[in-house]
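Every number in this text was worked out from the coordinates using simple rules, so none of it is lab data. Bear in mind that the values here come from a model prediction, so they are computed numbers and not experimental data. Neighbour counts run over all protein chains shown; Cβ positions are idealised from the backbone, glycine included.
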Amino acid sequence: MGAAVSLGITRFAYGLLLPAMRSDLGWTYTLAGGMNTANALGYFLGALATPWLMRRLGPSTLLWTGALLASSFMALSGFFVEATPLLVQRLLAGVASALVFIAGGLLAARLGAQDPQRGGLLLGMYYGGTGVGIVLSAVLVPWVLDIAQAQAHGWRWAWWALALLCVLASLLLLWPARLMGQWAQPAAAAQAAHMEFRWHPFRYGLAGYTLFGVGYIGYMTFVVALLRAQGSSTLAVTVFYALLGLAVMASSRIWAALLDRHKGGRSMATLNALLGLATVLPALTQSWPVVLASGLLFGGVFLSVVASTTALVRHNLPPSAWAAGISAFTTVFAAGQIIGPTVVGWIADGPGGLARGLVFSAFALWLGALLALKQKAL
């Protein structure tokens, strides 16, 4: 539920709302992309603050507090039509989602430490929870937009519906979060407390993950707008986005063995390369089977790239350094996401449109794959 709130709904549902908001408010693609850039900037700030907050509140409290804050900020987005307050709301929602995502990732890593043989699967299940949020958004948002289309700024009702969805998910995670908050930190942490996370040994993994942030967010921000521009119906977009979300949910089982087997950057490199292929397909053809294949491949891979960084930290550092390691990867991930949406939007406003923007995203992902391949196990 934490991953569903922090990414599946708070981050990615905006892509479903973008065409309606852009048409109603007269936005350029650059401004539309800027909304997710603001969200990513908030995520970046939240990632920087999370280690300090984690030491004072603990991951369990941070998880449910961040989820409730994210729900509130999502609701506030329905009360504004001016660009500036909407940018602020997206930024604040990004801060809250970072708190949720990092805290949940740490708890998932601790859970994996209690069952090492299924560590990769458990991490994948946590990150795959994003797919729950994507599927629910895919069903909810088009339905609400259709009902409210006769009203002025009818897209506001979709924000409020998503906020309610976030509240329900937040309530569901209260009990497990509090239960896991009672667990002691893994004993291995005390034995290796002198070891700390250092950036330099992870430089290639961090660089590859930064470019993942640059590349994947362009697809998730604009692919629905591209499908709409190509003439896809509401039903087609719903099916596409729901299948993408279902693939996210299945990805934990698909890639678990890969995450457990490789201690270096091989997992991230493989997944980034596949993601680049999925990203470029809708830019090359409007063939519906190929577009659906793109969504399935993208959904089946992209959250496993995130899981691969937690696996990299878990394989190469003691539990005492996990929080700092996960936060470092989340920070560069957020930095990449700050760049991606605005650059893709700026490209889309020029010749070639959204298709050319997705080509840029694909090349960023492939470069990230090459860099990740150079990351060795420590």
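Summing charges over all other residues whose Cβ lies under 15 Å from the Cβ of residue 299, with Lys and Arg as +1 and Asp and Glu as -1, gives +2. Ordering 153, 200 by the number of other Cβ atoms within 10 Å of each residue's own Cβ, fewest first, gives 200, 153. With springs only between Cα atoms under 10 Å apart, run a GNM on the chain and tell me which of 352, 215, 119 wobbles the most. Comparing 352, 215, 119 in a Gaussian network model of the chain, the most mobile one is 352.
Summing Lys and Arg as +1 and Asp and Glu as -1 over all other residues whose Cβ lies under 15 Å from the Cβ of residue 320 gives a net charge of +3.
With Cα atoms defining each centre, segment 116-141 and segment 282-300 are spaced 21 Å apart in the structure. Against the compact-protein benchmark of 2.2 N^0.38 Å, the Cα-based radius of gyration of the chain scales to 0.91. For the residue pair residue 346 and residue 285, what label-to-label distance in nm results when each label sits 7 Å from Cα along the Cα-to-beta-carbon direction? Taking the simple label geometry, residue 346 and residue 285 are separated by 3.3 nm. Local charge for residue 377 was computed over the other residues whose Cβ lies under 10 Å away, with Lys and Arg +1 and Asp and Glu -1, and equals +3. Full extension of the chain between residue 292 and residue 178 yields a length gain of 37.1 nm, computed as 0.36 nm times the residue separation minus the alpha carbon distance.
Kyte-Doolittle mean at least 0.5 and Cα extent at least 27 Å along the axis: which DSSP H helices of the chain qualify?
83-114, 119-147, 155-181, 203-229, 234-261, 266-284, 288-316, 322-348, 353-373
Among 302-309, 34-41, sorting by the average number of other beta carbon atoms lying within 10 angstrom of each residue, highest first, gives 302-309, 34-41. Shape summary of segment 150-291, radius of gyration then Dmax from alpha carbon positions: 20.6, 63 Å. Dividing the summed -39500 (n - 2.57) terms of all DSSP H runs of n ≥ 4 by the residue count of the chain sets its mean residue ellipticity at 222 nm at -28000 deg cm²/dmol.
The Rg/Rh ratio of segment 9-105, with both radii computed over alpha carbons and Rh defined as the Kirkwood radius, is 1.02. Distance distribution note for segment 236-298: the fraction of Cα pairs above 15 angstrom is 56%. Here r is the Cβ-Cβ distance between residue 118 and residue 68 and R0 is 35 Å; the resulting FRET efficiency, rounded to 0.05, is 0.70. Counting neighbouring Cβ atoms within 10 Å and putting the fewest first, the residues 219, 43, 126 line up as 126, 219, 43.
Each Lys and Arg adds +1 at its Cβ and each Asp and Glu adds -1 at its Cβ; summed about the Cα centre, segment 12-146 shows a dipole of about 440 debye.
Residues 99, 277, ranked from the fewest to the most other C-beta atoms within 10 Å, line up as 277, 99. Hey, how many Å between the Cα centroid of segment 38-111 and the Cα centroid of segment 203-220? Between the Cα centres of segment 38-111 and segment 203-220 lies a distance of 20 Å. Summary value for segment 2-373: 29 percent relative contact order, contacts being C-alpha pairs under 8 angstrom separated by 6+ residues.
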